[in-house]
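Readers should treat all values here as calculations from the given coordinates under stated rules, not as data from a laboratory. Remember, it's a predicted structure, so these values are computed and weren't measured experimentally. Don't worry about glycine lacking a Cβ; one is built from the backbone with ideal geometry, like all the others, and counts go over all protein chains shown.
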Amino acid sequence: MSWRQLESMAPGEVLPPEFFARSALQVARELLGDYLCLREHPHGPVHRWVIHETEAYTGPDDKACHAAKGLTPRTQVMFGAPGHWYIYLCYGVHWMANIVCERQDHPAAVLLRGAGHADGPGKLTKGLGIGKQHHGKLAVPANGLWIETGEDVPDKAVDVTPRIGIAYAEEWVEKPFRFIWREATHDLKPAKWRPTKKKRARNR
DNA sequence: GTTCCGATTGTCT
DNA sequence: GACAATCGGAACA
């Protein structure tokens, strides 16, 4: 039974911080079908994109999780309260949108990889206009970026795979921490795993 | 169809 | 100074 059913939330309700105060794996799975919502101006239109792909970064022991290297200025929001946005620049090019999970002092987060017609985390943030201005903010409508309940997605419609782009994470590379809502993505190209250029050079 | 590669900058060593 | 939770386009098959 999902948290949503326990709390009997109707579709279209804002997910409160408590929703995220659980394991990143559980949150990542349940976010499928929910709406990523953005409003640029207080009186501007609300953009709602259905979330169809997520990844869980589970804590300080997870070598793929940025917080595995300890508390730094960049990662400190992951060590804080759940329900806040952790947003960072990847490859000097793309902003990644993550929402902090678990509890204070247990760094964990869920990366939003696909929503609406965007089939990658960089396209998602670019398409919606998410950037460093949202970093560290609580995910509530007053801050312009939040998540609302959508439909429940059944397990049979969900693919679970290893995470993308984390070839350095040793025994955590193969963990099935990526969740894809298949029906929502069948006409999008799936993200392919590929080692980074430098890793390829090293392996030659 | 697949594979390769550069872009571009914050972060950590 | 190395490298990164990516992407789009070019080159090749």
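For A:VAL160 and A:GLN104, FRET efficiency with R0 = 30 Å and r from the beta-carbon atoms, rounded to 0.05? Don't jump to the answer; show the numbers that get you there.
Details: r = 28 Å, r/R0 = 0.94.
Between A:GLN104 and A:VAL160 the formula returns 0.60.
Using a Debye calculation, one point per C-alpha and no hydration shell, please list log10 I(q)/I(0) for chain A at q = 0.07, 0.08, 0.16 Å⁻¹ in order.
Log-scaled intensity ratios, in q order: -0.19, -0.24, -1.04.
Any idea which of A:ALA167, A:TYR86, A:PRO16 is furthest toward the positive side of the dipole for chain A, if Lys and Arg beta-carbons carry +1 and Asp and Glu beta-carbons -1?
Working it through, the farthest residue towards the positive pole turns out to be A:ALA167.
Starting from the 7 Å offset along Cα-to-Cβ, what nm value, one decimal, do you get for the label separation of A:TYR91 and A:LYS63?
In this crude label model, A:TYR91 to A:LYS63 measures out at 2.3 nm.
Let's see if you can work this out: charge +1 on each Lys and Arg Cβ, -1 on each Asp and Glu Cβ, no other charges. What is the dipole magnitude of chain A about its Cα centre, in debye to the nearest 20? Mind showing how you got there, number by number?
Details: 28 positive and 23 negative charges, 283 e Å.
Using Cβ point charges on Lys, Arg, Asp and Glu, chain A gives about 1360 debye.
Could you give log10 I(q)/I(0) at q = 0.17 Å⁻¹ for the stretch A:1-110, computed by the Debye formula over C-alpha point scatterers of equal weight, without solvent?
Log10 I(q)/I(0), no solvent term: -0.86.
Kindly flag which residue pairs out of A:LYS69/A:LYS175; A:LYS123/A:LYS175; A:LYS69/A:LYS126; A:LYS69/A:LYS132 have an alpha-carbon separation exceeding 26 Å in this structure. It would help to have the intermediate numbers written out before the result.
On the way: A:LYS69/A:LYS175 19 Å; A:LYS123/A:LYS175 24 Å; A:LYS69/A:LYS126 28 Å; A:LYS69/A:LYS132 21 Å.
A:LYS69/A:LYS126, as the Cα separations exceed 26 Å there.
Starting from the 7 Å offset along Cα-to-Cβ, what nm value, one decimal, do you get for the label separation of A:ARG182 and A:GLU13?
Reported label-point gap for A:ARG182 and A:GLU13 is 3.1 nm.
What is the sum of charges around A:TRP49, taking Lys and Arg as +1, Asp and Glu as -1, for the other residues whose C-beta is under 13 Å from the C-beta of A:TRP49?
Details: positive: A:ARG39, A:ARG48, A:ARG113, A:LYS123, A:LYS126; negative: A:ASP34, A:GLU53, A:ASP119, A:GLU148.
Overall, the nearby charge balance is +1.
How many angstrom separate the Cα center of the stretch A:37-62 from the Cα center of the stretch A:71-88?
15 Å
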